[in-house]
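Here is the structure we will look at.
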Amino acid sequence: MSTYLYQEHHQFFAQHAGGSEEAAAVELEELGAQSLKQGYLGYYFKANPETLYRLVYMTRISTRILAPLIHFDCHSTNYLYKTAQQINWTDFLTLTKTFAITANTADSQLRNSNYAAQVLKDAIVDQFRDTFGERPNVNTRFPDLQLNLYVHKNRAHISVDLGGGSLHKRGYRTERVAAPMQENIAATIIRLSEWNGSQPLFDPFCGSGTLLIEAAMKQTNLPAARFRSKFGFLRLPDFNPTLWNQIKTEANRAVTPLPEYKISGSDIDAAAIQAASTHIAMLPEGKNIQLQTQDFRSIESLTNHCIITNPPYGIRMETPEKTGLLLKEFGDFLKQKCTSSTAFVYFGDATLSKKLGLKPDQKWLLRTGGLKGILCRYPLY
C-alpha cells in the first residue's frame, strides 16, 4: 500500500457554496476541524480519522469533503494519464466495486474537464486490465468510489470524495417538485437566522419542505447524512470500520425530540404539500412538523414567529409581473400580520428583494447552481 498526501499531512478540503464561508468555517470548527485555511470556495483543514468521519456524517453546510491523494504539474493529458497510473488503484477499488469522477479545469492547458475525467478513467481501468484482464465499472449515480480531479493553472489534484458525492443530497428528497432549494443552502439559511427553537418557525412557501426539514434536523441534532447509504471514506485503504461505527452510533444516539408546534409551514400548491409530507415522514420527529395547504393571504396572523422562506420566482411563476405582485402582497402581509416576528426571506434572484417593499437590516449573498441569491432579514414591529 502506498502513502498518500492525506496520510502524510492529515489535511483535507471542505467545499461549500458561495456566500457560506463564515457559516462553513464555524461549523467545521464545531465539528473538530483544526488549522483552517481558506481556499477557493472551501477550507483546507486538519483532522484525525475520528473527526473526519464525524464531519462527513454531520456537516450541513459543506458540500464535499476531499482527501488528496496526489498533486502534480500537469500540462497535457498524456502526463495526466502516466501520473495517474502511478497510483495503486487496488488500494481503493476491486473489480466488483464501481467508481465515478468529477472534474474541473481552470486556467490550464487541459481545458476540457470532461475529457480530463475520461483520461483519468482510462488510466484506472487500463491498470486493472493490465493486472487482472478485467476492469471495474463506472457508476455515475451511486459509485462506491467518487474521485475528484481539479486542474488549476496546470497543477492537478486527484482526491477521494469522502462523502461519495455531493453532501447536499441528504437522501430524504424522493418526490420531484419544480425548482427545489438545495439542502446545504437551506441549512446555511437556518444557521444564519440563528433560530434556536425559542420561537415557532414558519415557512409560508414551504414547497417540498426543505427549509422545514433542515430546521428540524438541526434542532434535533439529526445527522445530515443519516439517510445516505454510501460514503467515499469506506474505500480508503486505512478506513477503520470500528471507529466509524462508534462515531455513527454516538451521533445517532444524540438525536433529541422535536416539540410539537415548533416547526410548521404552508403552501398554496397541494402537490408540494404532499411532497413535503412524504419527505418529512422520513424524519424520526417528522410527525411533529405541521403542514397545511394554504395561501399565505388567508393566514390570520404570525405574531412572535421566526419566518424563514423562499418565495417562488422565475420558472415557478408565469411572468415577472406576477412575481412582483406576489412579493408586494407578501411584503404587505409581513408588515400587517406578522408583528413582533422576524422574517428571513431568500431570493434566488437578488434583484427581486426590492419588490418586497421592506428594508432589511442585514443581507447575505448566497450563490447556488449559478444563481446569485440573497438572504434578507426583516425585523417586524
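The values are calculated or read from the model by the stated rules, or taken from the named source; none is laboratory data. Just so it is clear, the structure is predicted and the values come from calculations on it, not from any experiment. Quick reminder, even Gly has a Cβ in these numbers, built from the backbone with ideal geometry, and neighbours come from all protein chains shown.
Contact map, the stretch 99-120: first residue in contact (Cβ under 8 Å) with a residue 12 or more places away in the chain and closer than 19 Å to Phe142 by Cα, second residue of a type in the set (Gly, Ala, Ser) and assigned to a helix (DSSP H, G or I), Cβ cut-off under 6 Å, separation 6 or more or different chains; pairs are Ile101/Ala117; Ala103/Ser113; Ala103/Ala116; Ala103/Ala117; Leu120/Ala84. Among strands (runs of 3 or more DSSP E) entirely within the stretch 292-381, having at least 3 residues that are over 26 Å from Ala275 (Cβ atoms) singles out 362-368, 371-379. Where residues in the stretch 59-98 are closer than 15 Å to His157 by Cα and of a type in the set (Gly, Ala, Ser), which of them is surrounded by the fewest Cβ atoms within 10 Å (Cβ to Cβ)? Taking the candidates together, the pick is Ser76.
Please go through the stretch 30-79 and pick out each residue that is part of a loop (DSSP other than H, G, I, E, B), more than 16 Å from Phe233 (Cβ to Cβ) and over 21 Å from the mean Cα position of the chain (by Cα). The answer is Cys74, His75, Ser76. When the stretch 99-123 is examined, which residues are found to be assigned to a strand (DSSP E or B) and either buried (at least 19 other Cβ atoms within 10 Å of the Cβ) or in contact with a Lys or Arg (Cβ under 7 Å, 6 or more places away or on another chain) (or both)? Within the stretch 99-123, Phe99, Ala100, Ile101, Ala103, Thr105 qualify. Selection within the stretch 306-347: residues that are of a type in the set (Gly, Ala, Ser) and modelled with pLDDT of 90 or more. The member of this set that is surrounded by the fewest Cβ atoms within 10 Å (Cβ to Cβ) is Ser340.
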